[in-house]
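Contents: one structure, followed by commentary.
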Amino acid sequence: MIAPIERTLTGLRAQTAVWRKAGESIGVVPTMGALHQGHLSLARAARETCDRVIVTIFVNPKQFNNPDDLKNYPRTEHDDAAKLESTGVDLIYVPDADQIYPDGFATTVTVSGLTDMLCGAKRPGHFEGVATVVPKLFLQTSADKAFFGEKDYQQLQIVRRLAKDLDIPIEVVGCPTIREEDGLAMSSRNLLLSDRSRIFAPILAEVMTDLRAQLRDGAAMTEVGAEARARILAAGFNEIDYLELRDGTDLGLLDKTQPGARLFAAAWLAGVRLIDNIAA
Ligand code: AMP
């Protein structure tokens with residue numbers, strides 16, 4: 001059965017009140033739609049540990065620093081609802097924009113430190129948009145657990161931080177990145193790749209995996225990073241926003257790998273920005 005779609009906060013709260021009264025736990029999976037197996041894996045993880053599961057679909061204008069990116073972002077609500085059928089979610093919350101940002105909305109949440117580097121340095125305002133909408137979705141759904149992908153690792157760490165700092169009583173659960181067979185991390189943005197770009201896209205993950213092997217053999221980023229960057233560009237990527245080794249918790253920059261380290265990359269392929277990260 002396709003889960004019901006709710007578009008208003010009042011309707012959402014009427015439903016969650018019934019579940020709460022019955023003593024049922026609630027899991028939430030925040031998404032921007034254009035769902036793929038990565039999103040569905042989060043819904044399944046929620047299904048395993050929560051009595052009720054809400055998937056939210058909201059293309060949050062505040063986290064787009066580029067108006068064209070917002071305009072071009074894929075919107076596939078009908079297909080999304082059909083894809084979610086197999087996961088057994090209970091409700092799809094697709095709030096109208098005024099249910100999130102009513103007239104007069106004037107609050108912005110800023111998480112300092114963790115937002116300064118990586119995507120935060122390249123996409124001004126992006127993480128403020130994320131950090132503003134996520135607590136709203138937590139509070140609107142009153143969820144006990146929230147499921148986020150490691151695919152957006154920096155986002156996951158920021159969400160953990162803000163939930164802790166704001167005393168929001170929710171457990172933030174990180175879930176592994178789901179990949180295509182050729183290694184490309186699944187992403188809604190992959191839909192925007194041309195057939196030709198799609199052929200080159202997996203090279204980003206391939207270079208990262210090779211680089212990880214070198215780091216684990218004792219090499220330093222200052223020794224092997226430039227060659228890896230050159231390989232990404234030679235494969236047809238136009239620009240690299242970053243290819244960096246960082247600590248997986250505080251995201252501090254590293255030169256050599258250590259327990260908990262991760263490799264992070266963001267690069268442009270024919271106008272599409274792809275990001276990825278792996279444990280190093
Ligand atoms: P998005 O719709 O891109 O905002 O993503 C919604 C959630 O799905 C976020 O928590 C993402 O980290 C997660 N996600 C996106 N792609 C993947 C993937 N390939 N594997 C696992 N989770 C993912």
Determine whether residue 107 is among the hydroxyl-bearing types (Ser, Thr, Tyr) and either surrounded by fewer than 19 Cβ atoms within 10 Å (Cβ to Cβ) or more than 15 Å from the ligand (Cβ to nearest atom) (or both). yes
Candidates 250, 210, filtered to the one that is in a loop (DSSP other than H, G, I, E, B) and of a type in the set (D, E, K, R): 250
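Just to be sure, is residue 199 out of contact with any helix residue (DSSP H, G or I) (no Cβ under 8 Å at 6 or more places or on another chain), assigned to a helix (DSSP H, G or I) and modelled with pLDDT of 95 or more?
It is true that residue 199 is out of contact with any helix residue (DSSP H, G or I) (no Cβ under 8 Å at 6 or more places or on another chain), assigned to a helix (DSSP H, G or I) and modelled with pLDDT of 95 or more.
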Does any residue in segment 120-143 that is at negative phi and small (Gly, Ala, Ser) come within less than 6 Å, Cβ to Cβ, of a residue that is surrounded by 20 or more Cβ atoms within 10 Å (Cβ to Cβ) and assigned to a helix (DSSP H, G or I) six or more places away or on a different chain, and which pairs are these? 120/127; 129/63; 131/162
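Conditions (1) β-branched (Val, Ile, Thr); (2) touching a residue at least 60 places away in the same chain (Cβ under 8 Å), marked per residue:
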site: 51; (1), (2): no, no
site: 59; (1), (2): yes, no
site: 89; (1), (2): yes, yes
site: 101; (1), (2): no, no
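Residues checked against (1) within 13 Å of the ligand (Cβ to nearest atom); (2) crowded, with 23+ Cβ neighbours inside 10 Å; (3) under 22 Å from residue 93 (Cβ atoms); (4) charged (D, E, K, R):
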residue: 132; (1), (2), (3), (4): no, no, yes, no
residue: 142; (1), (2), (3), (4): no, no, yes, no
residue: 146; (1), (2), (3), (4): yes, yes, yes, no
residue: 171; (1), (2), (3), (4): no, no, yes, yes
When residues of segment 18-38 are limited to those that are more than 16 Å from the ligand (Cβ to nearest atom) and hydrophobic (A, V, I, L, M, F, W, C), the one farthest from residue 92 (Cα to Cα): 22
Working only within segment 221-247, note down all residues that are part of a strand (DSSP E or B) and either among the charged types (D, E, K, R) or touching an Asp or Glu at 6+ places or on another chain (Cβ under 8 Å) (or both). 239, 241, 244, 245, 246, 247
Is segment 154-169 home to any residue that is within 10 Å of the ligand (Cβ to nearest atom) and part of a loop (DSSP other than H, G, I, E, B)? no
Regarding residue 76, is this residue in contact (Cβ under 8 Å) with a residue 12 or more places away in the chain, under 28 Å from residue 192 (Cα atoms) and surrounded by fewer than 17 Cβ atoms within 10 Å (Cβ to Cβ)? yes
Scan of segment 253-280 for residues that are not hydrophobic (A, V, I, L, M, F, W, C) and not in a strand (DSSP E or B), ordered by number: 255, 256, 257, 258, 259, 260, 271
Being more than 26 Å from the chain's Cα centre (by Cα) and either buried (at least 20 other Cβ atoms within 10 Å of the Cβ) or among the β-branched types (Val, Ile, Thr) (or both) is the filter here, so list the residues in segment 216-256 that pass it. 222, 224
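The values are calculated or read from the model by the stated rules, or taken from the named source; none is laboratory data. Computed from a predicted model, the values in this text were never measured in an experiment. Here the Cβ is made from the backbone with ideal geometry for all residues, glycine too, and neighbour counts use every protein chain on show.
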